[in-house]
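What follows draws every value from the coordinates through simple rules; no lab data is involved. Keep in mind that what you see is a predicted model, and the values were worked out from it rather than measured. Positions of Cβ are backbone-derived with ideal geometry, glycine not excepted, and every protein chain shown enters the neighbour counts.
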Amino acid sequence: MHSTPDTTERFRLLFEALGINANEAANKIGESNAKFYNLLNGKAKPSYTTIVQLCEAYPRINTNWLIKGKPPILHTSNAEILADTASEASIITLQQYQTGTYDGYHDSFQLPIVAEERANYSDSIAIRLTDNSMSPRLTVGMQLRARPVPVSDWDYLNSTVVAVLYRSTLVVRRIKENDLLSRGYLTLYADSPDAGYVHVRREDLKSIWRAIEIISGEIE
C-alpha cells in the first residue's frame, strides 16, 4: 500500500506535472518566490489563499490532491474540475486561541479540507504560538490544529505534544511522563532548553488538547 504524500511531495509532484518551477508559480499568482521555495523545502505549509490562487491560475489542478494527496494530480476535462471542486473541496472555520494568558476565543482560522472528512474536524481548534518554548520544531507564529482530550484520558497521556489550559494560562508543551495517578500532577516540558518544565496539579488543570498537525507557519 502506498503512503499518502506529504504536503512538500504534493507540491513537488504538482509542479512537475504542470511543467513549472517555483519562480513561475510565484509570478503567475503574484506571490514571492520564497513562499514556494519554502513549500518545496518542507519549511512552510500552504495557506488557503495560496491553494485557491493556484487552482484559479491552473484550472486543471485537482484540489483534492493538494488537500489530501488523492490522485489524480491534474484533471483531464473541465467537467471533472467542476464536479470535483463542488463535491470534495471544503473550508472549515476553526476557533483560534493563542498561548499565554488565557482570554478565551481569540480569532478564527480557515482550513481547507476534503468535504467527506468534515466530521473529523468538528471538535478541532487552532492554537497560535506566541513564544519559542517549543523551538526549534515549533516557533512563534505557528498555528496548530488540536483536538480535546477527554478528562477520563488525562491520566494516560504520554509521549505527546499537547495544549494545556491551567489556571489562567494556555501553553503548548510535551508530556514525557504522566504522574497524575501516582503523584497528582502533570509535568509539562518545553523543547527549548531555556524554557524548562512545570508541574501542574490536577486541580489546576482545566482543559487539554492533543496537537494534531501544523496548519500554518514555517519549520526552522
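One table, with the values for the structure above:
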| quantity | calculated |
| --- | --- |
| Full-stretch length increase - E117, N21 - with 0.36 nm per residue and alpha-carbon distance subtracted | 31.5 nm |
| Relative intensity, log₁₀ I(q)/I(0), of the chain from a Debye sum that treats every alpha carbon as a point, q = 0.09, 0.13 Å⁻¹ | -0.43, -0.82 |
| Pairwise Cα inverse-distance average, inverted: Kirkwood Rh of the range 133-181 (Å) | 12.2 Å |
| Test item: Cα-centred dipole of the chain, Lys/Arg +1 and Asp/Glu -1 on Cβ, debye | 260 debye |
| Signed unit charges on C-beta, dipole axis of the range 101-220, positive-most listed residue S207, M142, L111 | S207 |
| Amide H contacts of I92 (H built 1.01 Å from N, under 5 Å, at least 5 apart or other chain) | L111, I113 |
| Using θ = phi - 60° and Karplus 6.51 cos²θ - 1.76 cosθ + 1.60, couplings along the range 36-47 (whole Hz; Gly, Pro as x) | 6, 5, 5, 4, 6, 9, x, 9, 8, 10, x, 7 |
| Under the Karplus curve 6.51 cos²θ - 1.76 cosθ + 1.60, θ = phi - 60°, whole-Hz ³J(HN,Hα) for the range 170-186, x wherever Gly or Pro sits | 10, 10, 10, 8, 10, 9, 9, 9, 10, 10, 4, 6, 7, 10, x, 9, 10 |
| Over the chain: helical MRE at 222 nm, DSSP H runs n ≥ 4 each giving -39500 (n - 2.57), nearest 500 | -7000 deg cm²/dmol |
| When the convex hull of its Cα atoms is projected in every direction, mean area for the range 92-216 (nm²) | 7.6 nm² |
| Computed magnitude of the charge dipole of the range 7-76 (debye, nearest 20; Cβ of K, R +1, Cβ of D, E -1) | 220 debye |
